[in-house]
Amino acid sequence: MSIARLLVGVALVICAVTAYLLQSGPEERIAMLVRDGRNAEAVTEIQRLLATGTAKPRVLMTLAMLEDSAGERSRASELMELYILSRPRDRDALAWLVRAYEGADDVDGLLEAQARLAALDPSPQQVGRLVGLYRYHGRYADECSALERFAESGVLTSDQLERLGQLLAAEGRVPRAVEVLRGLDERLGDAGERPRRLLFELLIDSGRYDEAAERAERWLSAWRKPWLAAQLTLRLAVKAPLAEARKLAETSAALHPEARLYLAKSLAEQGNRRLAVSMLLGWPYDGMPLTKPNIDGYVVASAATGIPTLIWSRFALLRGRPAEGEAQALFAEAIAAEYGLPAIAMLQPALPDEVLRRRPIFGARLALHLGQQMRARHILAEADLELLAPAERGQWLDLLLRLNTPQEAFATLSRLEARSQLPGNLHAAYRAMAIRLGLTAGPAVTVAANRHLAGIPR
């Protein structure tokens, strides 16, 4: 190729490049300036375009970024707001604006920008951030409005719907709160105690006792929590008519038979005697063993109603059953614990010895109260200590020492030890008594004590 042709080619290339540069738009020139790090010149060029009114939206965003990098955050936010006016659905720009206002501690700007971003992207994350900001800054009315607005589109989580119910109730908009919480109730599984309890309270306050009882029965069947069943029943019984309260009380008792007597006692103490009595009338219930906890529970609950006939009619029923000697003794002891020994001491006909021997501690105390010391000593001497609880064995020993001379009490312990009927927790007292009296404890007790001192298990 000749030199002339080469020069012509170079000239054509230069002309083409120059023509492109002359024809390129301002956006391209600004982009090249930013690319080359010539930010000041890029800003000048953008400001010239703004002055002429020919700047495109992307130019506004570019200038906002440049101003931000130069530390002009307020100016950058203003320019981004102008950009968003023409591009209101640009999520990245709104997210940038949220970060900018947050960094500048501009609360109003932050809340407004986050509200627009949540409206554009109503995801649980964005909505949660918006309502969280409202709550943090104490703008509860705005929080409620936002939650209610997004609830209509069905994007709120269960926690957010619960919060909406709380805010609506706090504003006195109970019917709307009930509506929201009813919808939440339908979408919750077995969990969700807190929002359901709020719904329960609002239904009661609104006089919707039937619905409150019906929903509570369904919830309690799933939760299987005795304490919660008692709480809901007691709460409903404060305001609801007897029929509705009884329905929930019977459901609670059927779900948790072991808590029935506690519930009856609590209702009586609350002032709902009629409901408490209705729960006690069928005692002893089908399949309920006449154990000490069940008998004590009935007597205490009946006493709380203030109606003594509940106790004495049941006691009379048991006294008419000779085979229920143990239950008779337990019932008599429970009455004495509630009303004192005089309540049983004057009973006619008096409790026979075979009943009192079922509860030797109680029997001895009753005999002692009546001044029948010989009878009390016989009851104690014939007691089967293996059937007594450890605490009752200590009470037995105290009564034995009170009703006998030290020598007589030691003789009783010696006879039990000789028959290998002296419980281990009485061995120490037996040995101590022997030392005080200058007597010799039986060999079994001595061996047991020596094994204990050596750390050898029995």
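Taking 56 Å as R0, compute the FRET efficiency from the Cβ-Cβ separation of ALA411 and ILE307 and round it to 0.05. Efficiency for this residue pair is about 0.70. Note on GLU102/GLU152: beta-carbon distance plugged into 1/(1 + (r/R0)^6) with R0 of 25 Å gives a FRET efficiency of 0.35. Is the C-alpha gyration tensor of region 216-302 telling us rounded, prolate or oblate? Criteria: a/c under 1.5 is rounded; beyond that, a/b larger than b/c is prolate, otherwise oblate. Taking the square roots of the gyration eigenvalues as a ≥ b ≥ c, region 216-302 is oblate.
Compared with the alpha-carbon gap, the fully stretched path from LEU188 to SER123 is longer by 21.4 nm at 0.36 nm per residue.
Accessible area ranking (1.4 Å probe, heavy atoms, ligands and nucleic acids excluded), largest first, for ASP108, ASP185, ASP142: ASP108, ASP142, ASP185.
Working from Cα pairs under 8 Å separated by at least six residues, relative contact order for region 328-410 is 22 percent. A straight chain from ASN425 to TYR140 at 0.36 nm per residue would run longer than the Cα-Cα distance by 96.1 nm.
When a/c reaches 1.5 or more, the comparison of a/b and b/c decides; with that in mind, is region 351-412 rounded, prolate or oblate per its Cα gyration tensor?
On the way: a/c = 1.71, a/b = 1.10, b/c = 1.55.
Oblate, since a/c reaches 1.5 and b/c is not below a/b.
Looking at region 224-288, which chymotrypsin sites (Phe, Trp or Tyr not before Pro) are in a loop (DSSP not H, G, I, E or B) and have at most 14 other Cβ atoms within 10 Å?
Details: sites: TRP227, TYR262, TYR285; in loops: TYR285.
Here the sparse-neighbourhood loop sites are TYR285.
Straight Cα distances below 20 angstrom link LYS247 to the aspartates and glutamates GLU201, ASP205, ASP210, GLU211, GLU214, GLU217, GLU258, GLU269, ASP286, with same-chain residues fewer than 8 positions distant left out. 3J(HN,Hα) along region 357-366: 5, 5, 10, x, 5, 4, x, 5, 5, 5 Hz, from the Karplus curve 6.51 cos²θ - 1.76 cosθ + 1.60 with θ = phi - 60°, whole Hz, x for Gly and Pro.
Just need the relative contact order of region 205-332 here, percent rounded to a whole number, with Cα pairs under 8 Å and 6+ apart.
Details: 115 pairs, mean separation 24.5, N = 128.
Averaging sequence separation for qualifying contacts and normalising by length gives 19 percent for region 205-332.
The values are calculated or read from the model by the stated rules, or taken from the named source; none is laboratory data. Since we're looking at a predicted model, the values are computed, not measured. Cβ atoms come from the backbone with ideal geometry, glycine included; neighbour counts cover every protein chain shown. The area values use the complete protein model at the heavy-atom level, side chains included, leaving out ligands, DNA and RNA. Shrake-Rupley method; radii C 1.70, N 1.55, O 1.52, S 1.80 Å.
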